């Protein structure tokens with residue numbers, strides 16, 4: 001992954017993050033950072049965030065998600081994030097809640 005070029009990350013967010021406005025909050029932060037992708041609830045209580053754009057912007061999103069205590073009024077409670085990085089793809093536009 002190029003440190004400043006286009007990248008894609010799949011971020012699994014663990015904690016109390018469903019039913020609290022977390023996906024909406026993540027979408028707003030991702031759009032502010034110019035990222036595309038989605039945030040969706042998983043069946044096991046986690047939230048999957050797929051973010052694509054400049055690698056540094058994705059790192060900023062992960063830092064906002066992990067921030068403790070949250071200075072950005074993040075809803076819910078994040079225990080941990082696990083991010084898997086890869087190359088950007090051409091199949092995403094916008095950032096949506098699923």
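What to note about this one:
- Subset of the range 63-86 [in contact with a strand residue (DSSP E or B) (Cβ under 6 Å, 6 or more places away or on another chain) and either crowded, with 18+ Cβ neighbours inside 10 Å or touching a residue at least 40 places away in the same chain (Cβ under 8 Å) (or both)]: 65, 76, 77, 78, 79, 80, 81, 82, 83, 84, 85, 86
- Selected residue (criterion: modelled with the highest pLDDT) from residues of the range 1-26 that are surrounded by fewer than 13 Cβ atoms within 10 Å (Cβ to Cβ) and farther than 24 Å from residue 68 by Cβ: 5
- Those residues of the range 27-47 which are more than 14 Å from the chain's Cα centre (by Cα) and surrounded by 15 or more Cβ atoms within 10 Å (Cβ to Cβ), in sequence order: none
- Just one of the listed residues (42, 30, 83, 55) is out of contact with any helix residue (DSSP H, G or I) (no Cβ under 7 Å at 6 or more places or on another chain) and closer than 13 Å to residue 9 by Cα, and it is 55.
The values are calculated or read from the model by the stated rules, or taken from the named source; none is laboratory data. The structure presented is a predicted model; accordingly, all values stated were derived computationally and were not measured. Don't worry about glycine lacking a Cβ; one is built from the backbone with ideal geometry, like all the others, and counts go over all protein chains shown.
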